[in-house]
Amino acid sequence: MFELIFLGTSASAPSIKRGLASLIVKHEEYRFLVDCGEGTQRQILKSGVGFKRLNHILLTHGHLDHILGLAGLLSTFMRWEAIEEINIYGSRHTMERVDDLINGVVLRGTRPPMPLSLLDIKPGLIFSAENFDITAFPVDHRGSSSLGYRFDERSRRPFLPEKAEALQIPPGPWRKDLVDGKPITLLDGRVILPDQVLGEEKRGASLVVVGDVGRPEKLVEHIQGADTLVIESTYLLEEQEMAAEFGHTTAAAVAGIAREAGVGRLILTHVSRRYRDEDILAEARAVFPNSFLAHDFDTFLVKQVESPSL
């Protein structure tokens, strides 16, 4: 299961109610900050999440409304916060701009007090933990070498406590070993195999996060079957020509790819001040009913969905 905390949901410029693009993805002890628009560190504080373990930053692209908050956030980390390391991920184009910002403005020749890595990544696997992986994929947005990110939990076989009870397996390390796929020998000499207490394999939860995108139809293969898709919704269909001109998309278009790819839930973000929230949501839900519009500090849980919407 993943948890989403939206910190900024506005497009291009902040509004009274919305900050610039930023999102936290949590999974057990891991925290990932996706994009870091201006004012993100204040949004982190206001959300109550805090800075602890927030040492992985995934950037969708290098446009200023998605990276300017890095300067203030890193400055704070270097002065007051005990962060063991900072890893910033993005395409080469993005990392060139981030390098200018961090080394040219924040550090100016000084050494940071913690390891700081600017990671030039390419599409493919970029992070692997015990229970989940993160892969990056290309996104078409005004020649910015943008990337989207897919978080996939590994498949697992659920532990069936009723079977363990029937076999009189006591709580403790025996059950943990069985969950890990190891046979055990009980004190009475009986050998218990994992198959005796584990259910059928179930896939884990899947989450896709996309920033700005001009050609959403190219994303279908990358978002296929995701339980939740987070993606921009800067324009409405009535202004699709303007959306195309500026390398953005519409609520109707992203709802269409969510339906085509069998996504379980669609969450819209990066919204323009020119539209009413209810109009954005209505346009998306007319195409894909399980659509939601994110607001700053909204939280969502991402769980495995048995039967995604089609």
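We did not get these values from a lab; they are worked out from the coordinates using the rules stated. Everything numeric here is computed off the predicted structure, so don't read it as measured data. Heads up, the Cβs are rebuilt from the backbone with ideal geometry, glycines too, and the neighbour counts pull from every protein chain shown.
In the chain, taking the dipole from charged Cβ atoms about the Cα centre, the farthest positive-side position among P115, G199, A21 is held by P115. Computed over the chain, the per-residue total of -39500 (n - 2.57) for DSSP H runs of n ≥ 4 gives a 222 nm mean residue ellipticity of -6500 deg cm²/dmol, rounded to 500. Ordering of 45-52, 228-235 by packing is 228-235, 45-52, highest average first (other Cβ atoms within 10 Å, averaged per residue). Here the range 1-158 has an Rg and Dmax of 15.2, 52 Å, counting Cα atoms alone.
Of interest is the spacing of the C-alpha centroids, which for the range 58-83 and the range 208-284 amounts to 26 Å. Legend: residue pairs K182/K218; K26/K202; K122/K303, Cα-Cα distance threshold 31 Å; pairs beyond threshold, K182/K218. Which option, (1) 23.9, 77; (2) 19.2, 59; (3) 21.6, 74, is the value of Rg and Dmax of the Cα atoms in Å that was calculated from these coordinates? Recomputing Rg and Dmax of the Cα atoms in Å here picks out (3). Under a model in which nothing but the beta-carbon of Lys, Arg (+1) and Asp, Glu (-1) is charged, the chain shows a dipole of about 640 debye around its Cα centre. Straightening the chain between R111 and S75 buys 11.8 nm, computed as 0.36 nm per residue apart minus the Cα-Cα spacing. Between amide H atoms placed 1.01 Å from N, distances below 5 Å from T60 occur with D35, all of them 5 or more places distant or on a separate chain. If you take the Cα centroid of the range 16-46 and the Cα centroid of the range 147-188, the two points sit 34 Å apart. Of the peptides 105-113, 211-219, the ranking by mean beta-carbon count within 10 Å, highest at the top, reads 211-219, 105-113. Packing-based ranking of 175-183, 279-287, 199-207, 28-36 yields 28-36, 279-287, 199-207, 175-183, ordered from highest to lowest mean Cβ neighbour count within 10 Å. Counting Lys and Arg as +1 and Asp and Glu as -1, what is the net charge of the other residues whose Cβ lies under 15 Å from the Cβ of K46? Neighbour charge sum, excluding K46 itself: 0. Computed from backbone phi, the HN-Hα couplings of the range 69-76 come to x, 4, 4, x, 5, 5, 4, 5 Hz, rounded to whole numbers (Karplus: 6.51 cos²θ - 1.76 cosθ + 1.60, θ = phi - 60°; Gly and Pro given as x).
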